[in-house]
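Here the structure comes first, spelled out in structure tokens, and everything after it is commentary.
The values are calculated or read from the model by the stated rules, or taken from the named source; none is laboratory data. These numbers were taken from a predicted model, which means no experiment stands behind them. Here the Cβ positions follow ideal geometry from the backbone for every residue, glycine too, while neighbour counts run over all protein chains shown. Side chains included, ligands, DNA and RNA excluded: accessible areas come from the protein's heavy atoms. Shrake-Rupley method; radii C 1.70, N 1.55, O 1.52, S 1.80 Å.
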Amino acid sequence: MKKKHPLIAAVLLTALAIMACGNHRKQADQAATTAAAEAQDTVTPPTFCADSAYRYVREQVDFGPRVPNTQAHRDCGDYLIGKLRQFGATVQVQEADLVAYDNTILKARNIIGSYQPENRRRVLLCAHWDSRPYADAERNKKRQREPILGANDGASGVGVLLELARLIQQRQPAIGIDIIFFDAEDYGMPTFHRGQYKPDTWCLGSQYWGRVPHTQGYNARYGILLDMVGGRGATFYRELFSQRTAPAQVKKIWDTAARLGFQDFFPQADGTEVTDDHIYVYNLTRIPCVDIINYDPQGDTGFGDFWHTHDDNMDIIDRATLNAVGTTVATVIYNEK
Ligand SMILES: [Zn+2]
């Protein structure tokens with residue numbers, strides 16, 4: 001677990017974060033964004049504050065690894081429910097006993113925050129909130145069976161969505177929004193497992209939700225999944241399953257990022273296909289869902305050197321990346337009619 005800041009330092013940091021998102025910068029930012037928006041005839045969303053997104057990432061990581069059946073996991077789940085309520089969402093919690101690859105029963109919770117639940121025009125935003133119980137990509141083999149902090153792989157997507165929840169509370173977009181924090185995404189069969197291969201051991205929370213949505217007959221125009229959206233120097237190439245099943249939404253998101261000046265984060269190029277929650281969302285509900293996920297075409301794993309190792313901690317989290325993703329997604333949802 002990452003050492004907590006002493007109380008005074010934490011209060012100071014919070015004060016600094018609030019100041020950093022204060023009026024001065026906000027006005028300058030808004031003037032620039034407003035000019036760009038008018039030129040394009042688009043709606044400008046409330047300003048995404050990367051400092052608060054960063055704080056929500058850190059607050060999750062401070063619980064320690066969020067592995068199902070642990071106290072840190074229960075405590076962090078309660079924290080997420082509290083934050084969504086604080087930001088004015090109608091919260092539903094789906095509890096389920098899910099069976100892991102090794103037959104462990106995982107006490108899982110999918111946490112859902114809805115805005116304008118009566119509105120039939122909806123968009124789904126999601127991320128997984130659990131973190132991986134193993135560091136099976138760690139070079140130090142002795143530490144491969146220890147759980148990881150998952151600052152990027154897990155906490156970053158949730159941190160961006162919590163900041164979006166705060167914006168939605170400030171000003172509602174024209175459409176209803178459902179924010180879903182899926183559980184038990186990252187409990188998939190580890191590379192060191194010697195038993196027989198089993199399919200579908202990842203994404204257990206979204207598989208459950210896909211079969212039993214939180215409201216009967218749930219529908220949304222499309223979904224956006226955020227996974228590993230806080231790493232320094234991250235690149236989000238077009239993920240191929242999304243490209244095949246949600247091409248119009250992929251185009252909209254990548255074009256929006258380019259218009260906002262985030263083309264270095266969102267290259268107009270194809271990446272690879274990734275096993276992630278969006279596949280089960282689409283296969284089980286037919287809601288097209290776009291995965292915005294860090295992809296590194298040069299790296300060994302494709303996800304960056306930190307992936308499923310103990311390097312996935314707060315040191316690799318960068319506000320600039322959180323801001324690029326958060327501002328892009330905010331602009332997309334505030335421009336839905
Ligand atoms: Zn993972």
For the chain, accessible area per residue (1.4 Å probe, heavy atoms of protein chains only), Å²: 44 Å²
Reciprocal mean inverse distance between Cα atoms of the range 45-334 - Kirkwood radius, Å: 18.6 Å
Accessible carbon and sulfur surface of the chain relative to its total accessible area, %, 1.4 Å: 51 percent
Stretchable slack from Thr90 to Thr191, in nm (0.36 nm times residue separation minus alpha-carbon distance): 32.5 nm
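How much net charge surrounds Asp291 when only other residues with a Cβ under 9 Å from its Cβ are counted (Lys, Arg +1; Asp, Glu -1)? Walk me through the numbers on the way to the answer.
On the way: positive: none; negative: Asp227, Glu239, Asp276, Asp277.
Combined, the nearby Lys, Arg, Asp and Glu give -4.
In deg cm²/dmol and to the nearest 500, what is the mean residue ellipticity at 222 nm of the chain if only DSSP H runs of at least 4 residues count, each as -39500 (n - 2.57), divided by the residue total? Please list the in-between numbers first.
Numbers: 10 runs with 126 residues, N = 337.
Value at 222 nm, helices only, nearest 500: -12000 deg cm²/dmol.
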Arg166 accessible area, 1.4 Å probe, all protein chains in place, Å² to nearest 10: 60 Å²
Proximal aspartates and glutamates relative to Lys83, as straight alpha-carbon distance under 15 Å, when same-chain residues fewer than 8 apart are discounted: Glu59, Asp75, Glu163, Asp178
Dipole in debye (nearest 20) - the range 45-334, about Cα centre, beta carbon charges: Lys, Arg +1; Asp, Glu -1: 760 debye
Fraction of antiparallel bridges per DSSP, the chain only, in percent to nearest 5: 50 percent
